[in-house]
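Quick notes on the structure that follows.
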């Protein structure tokens, strides 16, 4: 029995190491999948907003004398934002910043549209427009929630692959740190909203 003792100890150590490394890898895979799912939810929320914007623009076009340039700005911003594609398994800070900038352009154009609408009492009373406006407000809340959950999932994933000794094995398995959603540059400044009904 004594001659087998070193082999038994070696087998236990090898099995223990295998289980430990397997646990690191499997947990990282699960957390990576969670973050990809959360990113999918972010994209779904933005897609819902883009779909609503299309309907909103069609409704606003019904107001014959509505500013054409405002509608074009919203349509162009929406088209530009929908062209930014990101690989959820390898989100870099640069890609996320590009996506964020494009979506910020949509938000800005949409804000200008909604402020301009204040000059059109018939449009403000349009039930379709009011419903779309409510749905857009709800969608903006969904976007905030989806982005927050994405950041939470990325934090768990990044923490798992960066802590010692997990970081020794994470690189071997190809796991890389993911970027967080951050506010667009200048978002900390208050927005100036002016209602100029004289023009």
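Worth a mention:
- Hey, residue 27 surrounded by 15 or more Cβ atoms within 10 Å (Cβ to Cβ), touching a residue at least 40 places away in the same chain (Cβ under 8 Å), under 28 Å from residue 136 (Cβ atoms) and more than 17 Å from the chain's Cα centre (by Cα) or not: no
- Qualifying residue in the range 4-24 (condition: in a helix (DSSP H, G or I), touching a residue at least 12 places away in the same chain (Cβ under 8 Å) and within 30 Å of residue 175 (Cβ to Cβ)): yes
- The requirement of being in contact with a helix residue (DSSP H, G or I) (Cβ under 8 Å, 6 or more places away or on another chain), within 17 Å of residue 48 (Cα to Cα) and either assigned to a helix (DSSP H, G or I) or modelled with pLDDT under 85 (or both) is not satisfied by residue 144.
- Residues of the range 64-117 that are in a loop (DSSP other than H, G, I, E, B) and either within 14 Å of the chain's Cα centre (by Cα) or under 23 Å from residue 158 (Cβ atoms) (or both): 84, 85, 86, 87, 91, 92.
- Test: residue in the range 80-101 that is touching a residue at least 40 places away in the same chain (Cβ under 8 Å), farther than 24 Å from residue 151 by Cβ and surrounded by 13 or more Cβ atoms within 10 Å (Cβ to Cβ): no
- For the range 137-163, filtering for residues that are crowded, with 18+ Cβ neighbours inside 10 Å and over 14 Å from the mean Cα position of the chain (by Cα) leaves 4.
Every residue, every condition in (1) in contact (Cβ under 8 Å) with a residue 24 or more places away in the chain; (2) over 27 Å from residue 36 (Cβ atoms), yes or no:
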{"site": "126", "(1), (2)": "yes, yes"}
{"site": "133", "(1), (2)": "yes, yes"}
{"site": "140", "(1), (2)": "yes, no"}
{"site": "144", "(1), (2)": "no, no"}
{"site": "149", "(1), (2)": "yes, no"}
{"site": "161", "(1), (2)": "yes, no"}
{"site": "168", "(1), (2)": "no, no"}
{"site": "171", "(1), (2)": "no, no"}
{"site": "174", "(1), (2)": "no, no"}
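The values are calculated or read from the model by the stated rules, or taken from the named source; none is laboratory data. These numbers come from a predicted model, not from an experiment. For neighbour counting, all protein chains shown are included, and Cβ atoms are generated from backbone atoms with ideal geometry for every residue, glycine included.
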